[in-house]
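Below: one structure, written as structure tokens.
The values are calculated or read from the model by the stated rules, or taken from the named source; none is laboratory data. Only a predicted model underlies this, so the values are computations on that prediction, with no experimental measurement involved. Glycine gets a Cβ as well: all are built from the backbone with ideal geometry, and neighbour counts include every protein chain shown.
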Amino acid sequence: MNEQERLIREAIAAEADQAVDYRAVLSDLHRAKPRRRPIALFAAIGVAAAVAAVAVIVPLGVDRGAAPGTVDPAAPPAGQAPAQNVLLIGLDEVTNTDSVVLARLGPDGTASAASLPRDSWVDIPGVGMGRLNSAYARAHSAAQAEGRDGHAAGAEALVLTVEALTGTQVDHYASVDMAGFGALADAVGGVEVCLRTAAKDQFSGIDLPAGRHSLDGAQSLAFLRQRHGLHYGDLDRITRHQVFLRSLATKVIRAGDVAKLNELVEVVRANVRTDPGWNPLELARHLNGTVRTATIPVGEVIDSEAGARLAVDPAAVRTFTAGFFADQPATPSTTPDGSPVGTPAQPTPEDGCVD
Amino acid sequence: MPDDDYDQFVTERLDRLLRYATALTCDKHLAQDIVQDVLLRARQRWGRIGEMAAPYLYVKRMVTNEFLSWRRRKARRDVSSTHATLDELAPMVADHAVRHAERDAMRARIAVLPRKQRAALVLRYYEDSTDTEIARILGCTEGTVRSHISRALQKLRVNENIPSEVLR
């Protein structure tokens, strides 16, 4: 380096040293942030498969308003809609119920979502005691044998079961195939998750070392399915669902351009079924992004010959649901984890890593 | 959360971006305006920017473009008085002060270079960018980069005045 170049370097460095203190600018930038971040908040719902469908759609309706044909931009503002209870059902490819979420959409645009562990041992109306996830499958196969719509029958059976368990009337349902999440993961080019320990399990087919991963469609499904080898079984899996969906929602939001988002919406549409006469896209425009999440209170894990089941006290569930769903304008929790009043201690993955 | 990645980027790179922009503009307030504008815009498009192999390079390009096309022209520092002062002081002062003065003189000369030349210079001598990177950031060919830099060096040399001669 010659003398002149050295001098130029010094001069430019001296000039750069005049820069204002970045910390002041940092706080300016933070102030400039939009106060309401419906997407981020909605991503936080992350409780069940079907909710991700909404997480995909909400950004279109609430934030971008730029996806023709998905949400009517002239829709009336939130605040006019009556409260609705919606059952969100995540299904695997053989119509087993992988996740069940009862959500209450408040008239003020807030949402409260309660996860119901699929292994909950509950009374299935007309059948007797059984695992929550058997309600759908049983009715589905019975209906198909008679040439009826298996999906409708399955969803209705699950609706009845959840109504009986929670003492809450269900107005609508939406079911989503978990396979849709594989398609979504592929469509967004992979979903990032972080594993605290290596995951290997022949049932789900998962085989990943510890650390951060970008999951493709097939890996996503294995990740979402794995229960065996997890300390808390299905409860761990609910946590995985939440983590996965947050990450997926992040990727969806990052997708940016309308064409890509429309592609994602199509993937969602192809994988979501609802009761006749209800359009889950309606959901999007009624929500303001405030979401509280929780899991119903469950008792001990009971190992039986037919696998693990979770003891559930229906009275406790009803009390919990009534309290959780009661309109609580005083303390609308906007934190990602909501207020898990009366729920079992679920490890909150603060570092984004899961077991 | 969606903004975490962006927040991290800003926290890690803000200082460097501000310094870079200040070196470009020779005006810390203008630099601040540019960097803030750019970062707010980058946040809206973070979906794509964050996915890139080198987000910093992209944001730096945004800052550079903003500088090159900046319309609100702010009063440029009065550089001529600096020169006059230096000329008077040069023969009298100690080595340390001479170097300091010499550096300030160079700063002043850089500050009046055409913007593209200045950008190329800052990228090479402050950011240590390769010609390929500079070409990408400035949106021109490597040949043009080299021509910007050689012209800038030429001007800075032509304008060389007493202090540097004293040292040699």
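Using the structure shown, decide if A:Gly182 is part of a loop (DSSP other than H, G, I, E, B) and out of contact with any strand residue (DSSP E or B) (no Cβ under 7 Å at 6 or more places or on another chain). So that I can check it myself, show each step before the final result.
Details: part of a loop (DSSP other than H, G, I, E, B): no; out of contact with any strand residue (DSSP E or B) (no Cβ under 7 Å at 6 or more places or on another chain): yes.
No; evaluated as a whole, the condition is false for this residue.
Inside segment A:127-155, can you point out the residues that are closer than 27 Å to A:Ala326 by Cβ and either more than 22 Å from the chain's Cα centre (by Cα) or touching a residue at least 60 places away in the same chain (Cβ under 8 Å) (or both)?
Result: A:Ala155, single match.
Looking at segment B:20-54, which of its residues are among the charged types (D, E, K, R) and touching a residue at least 40 places away in the same chain (Cβ under 8 Å)?
Listed by number, the residues that qualify are B:Asp27, B:Arg43.
Within segment B:74-96, is even one residue more than 30 Å from A:Glu3 (Cα to Cα), at pLDDT below 90 and exposed (fewer than 13 other Cβ atoms within 10 Å of the Cβ)?
Within segment B:74-96, one or more residues are more than 30 Å from A:Glu3 (Cα to Cα), at pLDDT below 90 and exposed (fewer than 13 other Cβ atoms within 10 Å of the Cβ).
Can A:Gly147 be described as on the phi > 0 side of the Ramachandran plot and small (Gly, Ala, Ser)?
Spelling it out, A:Gly147 is indeed on the phi > 0 side of the Ramachandran plot and small (Gly, Ala, Ser).
Out of segment B:125-157, which residues are closer than 20 Å to A:Gln18 by Cβ and more than 9 Å from every other protein chain (Cβ to nearest Cβ)?
Residues satisfying the conditions are B:Glu127, B:Asp128.
How many of the residues in segment B:1-52 are within 30 Å of A:Val243 (Cα to Cα), surrounded by 16 or more Cβ atoms within 10 Å (Cβ to Cβ), within 7 Å of chain A (Cβ to nearest Cβ) and of a type in the set (A, V, I, L, M)?
Residues in segment B:1-52 being within 30 Å of A:Val243 (Cα to Cα), surrounded by 16 or more Cβ atoms within 10 Å (Cβ to Cβ), within 7 Å of chain A (Cβ to nearest Cβ) and of a type in the set (A, V, I, L, M): 4 in total.
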